[in-house]
Each structure stands twice: as structure tokens, then as C-alpha cells.
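J.: Pasting a structure below so you can have a look.
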Amino acid sequence: MNDRHKKLVLFLNEAIEYFTQKLEGADKDKYFADRDVRNILDKTINDIILCIVDISEELLKSRRRNIPETYKDTILACHEFVGDIVLKIAPLTKHRNETIHQYLKINWQNIITVKNKIPDIREFAGKAETEIIKK
């Protein structure tokens, strides 16, 4: 496994732990009322999802594959190597875009969606790590 991939997996695990920690005690009302909590959670979602994309890119590069143009397609392109888990996490790119760009709303549901997908995110990272090691 290359150093970049190791760093990405480490960063992803740290970001997940940070997100989980900051989410403790937060609910929809606190999210709307506390700008700091909102900014932390939104930024961490961005970090997590972009890291998933970066891990996907590393996996594709290790297999000498082209990198698709969209985040979602980049994750989906890893299906051949890590299986159906990509179908569970690729839609998170939409939630990332909605959260970061806010599309004229603040969306607590995106926070909950990412929270519920953490086991899938961890599974993806583990499978991608195994595939990188094989190469």
C-alpha cells in the first residue's frame, strides 16, 4: 500500500471519529441553533466524502484505470474491485453537495444519512485497503 493511501485511510478513520464525537449530544434543534456545531458537522461530512473519493482514485490509479469526472462515478468505478459496497456509499456525494452548498436550506437529514452510513464507509475503506495491498 502506498503512503498516500495509508494517510487517506488514517484521515478517514480520524474524521469519522471526530464526526461521531461532535454529533454526540447534537440534535436537529442544536444543529439549527448553533452555527459552530453546524459548521463542524458540515465540514466533517465534506472531509469524509472527499476522502472516500480520494481513496477511490488511489484504487483506480493502482489498477491503471481512468478517473471518472464526477465524485459519484469515481466511487462507482471501484465496484469491480470492492463490490456492492460502492452502491451504498456513492449516493453520499449528493448529500455532500447539498450540505456544503446548502442549496438554500440547512439539511439536518444529510447529517443523519452520513451517520447511518458510517459502517458502510468503514467497510469500503477496509475493502479498498485490501485491494491496494494486493497490487
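The values are calculated or read from the model by the stated rules, or taken from the named source; none is laboratory data. None of these values were measured; they are calculated from a predicted model. All Cβ positions, even for glycine, are placed from backbone atoms using ideal geometry, and neighbour counts span all protein chains on display.
J.: Do we find that Asp3 is surrounded by fewer than 14 Cβ atoms within 10 Å (Cβ to Cβ) and over 21 Å from Ile112 (Cβ atoms) in this structure?
T.: yes
J.: All but one of (1) modelled with pLDDT of 95 or more; (2) within 17 Å of the chain's Cα centre (by Cα) hold for Lys6; which doesn't?
T.: (1)
J.: Out of the residues in region 12-57 that are within 16 Å of Ala90 (Cα to Cα) and among the acidic types (Asp, Glu), which is farthest from the chain's Cα centre (by Cα)? Outline the logic, then answer.
T.: Initially, region 12-57 is screened for residues within 16 Å of Ala90 (Cα to Cα), giving 12, 45-57.
From what's left, among the acidic types (Asp, Glu): 47, 54, 57.
Values: Asp47: 7, Asp54: 9, Glu57: 13 Å.
Checking each candidate, the answer is Glu57.
J.: Give Leu87, Leu59, Leu92, Leu12 a once-over and let me know the one that is touching a helix residue (DSSP H, G or I) at 6+ places or on another chain (Cβ under 9 Å), without any contact (Cβ under 8 Å) to a residue 40 or more places away in the chain, among the aliphatic types (A, V, I, L, M) and within 13 Å of Phe124 (Cβ to Cβ).
T.: Only one candidate qualifies: Leu87.
J.: Here's something else I'd like to know. Residue check: is Ile48 under 27 Å from Gln109 (Cβ atoms), of a type in the set (A, V, I, L, M) and touching a residue at least 24 places away in the same chain (Cβ under 8 Å)? Don't jump to the end; show me each part of the working.
T.: On the way: under 27 Å from Gln109 (Cβ atoms): yes; of a type in the set (A, V, I, L, M): yes; touching a residue at least 24 places away in the same chain (Cβ under 8 Å): yes.
Criteria met by Ile48.
J.: Based on this model, can you work out whether Leu23 counts as farther than 15 Å from Gly126 by Cα and not β-branched (Val, Ile, Thr)?
T.: In short, yes.
J.: Which helices (runs of 4 or more DSSP H) does region 25-125 wholly contain that include 2 or more residues that are exposed (fewer than 14 other Cβ atoms within 10 Å of the Cβ) and at pLDDT below 95?
T.: 28-33, 35-62
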